[in-house]
Amino acid sequence: RRLGIETVGDLLTTFPRRYEDLREFSHIRDLPKLEPKTPVTVRGTVVSLRVEKTFRRRVQRTIALLERDGAECEAIWFGRRFIERQLKEGDQVVVSGKLKHYRYQPQLDNPEFQRVGDGEMLHAGRIVPVYGLTQGLTAKTLRRAIRAGLDQYGPLLEPDYLSPELRAGGPSIRNAITAAHYPDDFDQRDAAVRRLAHDE
């Protein structure tokens, strides 16, 4: 409610503020060659998971060591204890974030992640929508809710309320709203935005 979302219609028309292009996969072994702060997406297996205290009082960090083909990197989350309940050793994950190097060890700070096999990739390894949030609402929760809304109520947007002639060659309203949240590429996103602006 603090975001003005009271109905499914409100949810589906709460559009991203921006997008992060996390489609480009890198192999873990290639990370040492990349510049710090480079956005990267990697796939690996969780070989260990630990929680440590930091120098800041009451702030802890959760560290997952990821491995693929003998190469390793660390994914580190600060103050997010729920991570240790969502991951376990042996999980295959896709992780996206900005790269840094610490003592020759590649690291990703507070990356987005998703377990392989947990349905459609929504949080990593794709063009990821970034929404305005409020306290108590995570990006993952909002992305999942919007995806569920699109899947369950998208059929109600058909048939389109505009004829093909009045759509000026744009996509259907269902496809436009879907692509505004989860585009396969930026051309698809741009076409969706043009259709929504055309309707307004």
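The values are calculated or read from the model by the stated rules, or taken from the named source; none is laboratory data. Worth saying up front: this structure is predicted, and the values here are computed from it rather than measured. Glycine gets a Cβ as well: all are built from the backbone with ideal geometry, and neighbour counts include every protein chain shown. For accessibility, only protein heavy atoms count, side chains too; no ligands or nucleic acids. Shrake-Rupley method; radii C 1.70, N 1.55, O 1.52, S 1.80 Å.
So what is Rg over Rh here for the range 116-178, counting just Cα atoms and using Kirkwood for Rh? Can you show the working numbers first?
Values: Rg = 14.7 Å, Rh = 13.9 Å.
For the range 116-178, the value is 1.06.
Could you compute the net charge surrounding R68? Neighbours are other residues with a C-beta less than 9 Å from the C-beta of R68; K and R count +1, D and E count -1. Don't jump to the answer; show the numbers that get you there.
Details: positive: R29, R43; negative: E67, D69, E72.
Local charge sum for R68: -1.
Over the chain, with every protein chain in place, what whole percent of the accessible area is carbon and sulfur at 1.4 Å, could you tell me? Walk me through the numbers before you get to the answer.
On the way: 5800 of 11860 Å².
Using a 1.4 Å probe with all protein chains present, the chain comes out at 49 percent carbon and sulfur.
Under the rule that an exposed site lies in a DSSP loop and has at most 12 other Cβ atoms within 10 Å, name the longest stretch of the chain with no trypsin sites (Lys or Arg not before Pro) of that kind, not counting the sites themselves.
Working: sites that count: R1, R2, R17, K37, R56, R57, R58, R81, K88, R103.
Segment 104-200 is the longest.
Give, as ranges by residue number, the residues of the range 37-52 whose backbone N falls under 13 Å from the point 7 Å along Cα→Cβ of F25.
Output list for this probe position: 41-45.
Mind listing which chymotrypsin sites (Phe, Trp or Tyr not before Pro) in the range 1-97 are in a DSSP loop and have 16 or fewer other Cβ atoms within 10 Å? Please report the intermediate quantities before stating the final value.
Working: sites: Y19, F25, F55, W77, F78, F82; in loops: F55, F82.
Passing both the DSSP loop test and the Cβ count: F55, F82.
Distance from a point 7 Å along Cα→Cβ of F78 to each backbone N in the range 41-65: keep the residues under 16 Å and list them by number.
In the range 41-65, the label zone of F78 (backbone N under 16 Å from the point 7 Å along Cα→Cβ) covers 52-64.
Any idea which of V193, W77, P159 is furthest toward the positive side of the dipole for the chain, if Lys and Arg beta-carbons carry +1 and Asp and Glu beta-carbons -1?
Farthest towards the positive end: W77.
Report the FRET efficiency, 1/(1 + (r/R0)^6), for Q135 and I63, where r is their Cβ-Cβ distance and R0 is 30 Å, rounded to 0.05. Spell out each step's value before the answer.
Working: r = 26 Å, r/R0 = 0.86.
For Q135 and I63, the calculated efficiency is 0.70.
What does the convex hull of the Cα atoms come to per residue for the range 63-107, in Å³?
Numbers: hull volume 4.0 nm³, N = 45.
In the range 63-107, the Cα hull volume divided by residue count equals 89 Å³.
How big is the equivalent ellipsoid of the range 52-144 along its three axes, where each semi-axis is √(5λ) from the Cα gyration tensor, reported in whole Å from largest to smallest?
Values: eigenvalues 89, 71, 33 Å².
Working through the eigenvalues yields semi-axes of 21, 19, 13 Å.
Per 0.36 nm of contour for each residue apart, how much would the distance between V51 and E120 grow if the chain were fully extended, relative to their Cα-Cα spacing? Could the numbers behind the result be given before it?
Numbers: separation 69, 0.36 × 69 = 24.84 nm, distance 2.85 nm.
Computed gain between V51 and E120 is 22.0 nm.
Which value does Rg/Rh take for the range 23-95 over its C-alpha atoms, Rh per Kirkwood? Numbers along the way, then the final one.
Details: Rg = 13.0 Å, Rh = 13.1 Å.
Radius of gyration relative to Kirkwood radius: 0.99.
Lysine pairs in the chain with alpha-carbon atoms under 17 Å apart, 8 or more places apart or on different chains: how many are there?
4
Quick one: if the Förster radius is 41 Å, what FRET efficiency do D151 and T38 give, using the C-beta to C-beta distance and rounding to 0.05?
Values: r = 34 Å, r/R0 = 0.82.
Once rounded, the FRET efficiency stands at 0.75.
Over all directions, the average projected area of the alpha-carbon convex hull for the chain comes to how many nm²? Present the calculation step by step, with values, prior to reporting the outcome.
Working: hull surface 53.0 nm².
Averaging across all directions leaves 13.3 nm² for the Cα convex hull.
Are there any GluC sites (Glu not before Pro) in the range 1-58 that are in a DSSP loop and have at most 12 other Cβ atoms within 10 Å? List them by number. Walk me through the intermediate numbers first.
Details: sites: E6, E20, E24, E52; in loops: E6, E24.
Loop-located and lightly packed - E6, E24.
Ignoring solvent entirely, what values of log10 I(q)/I(0) come out of the Debye formula for the range 1-46 at 0.22, 0.27 Å⁻¹ when each Cα is a single scatterer?
Normalising to I(0) and taking log10 leaves -0.79, -1.03.
May I ask you to give the solvent-accessible area per residue for the chain, in square angstrom, as obtained with a 1.4 angstrom probe? Provide the component values of the computation, followed by the final result.
On the way: 11860 Å² over 200 residues.
Computed with neighbouring chains in place, this is 59 Å² per residue.
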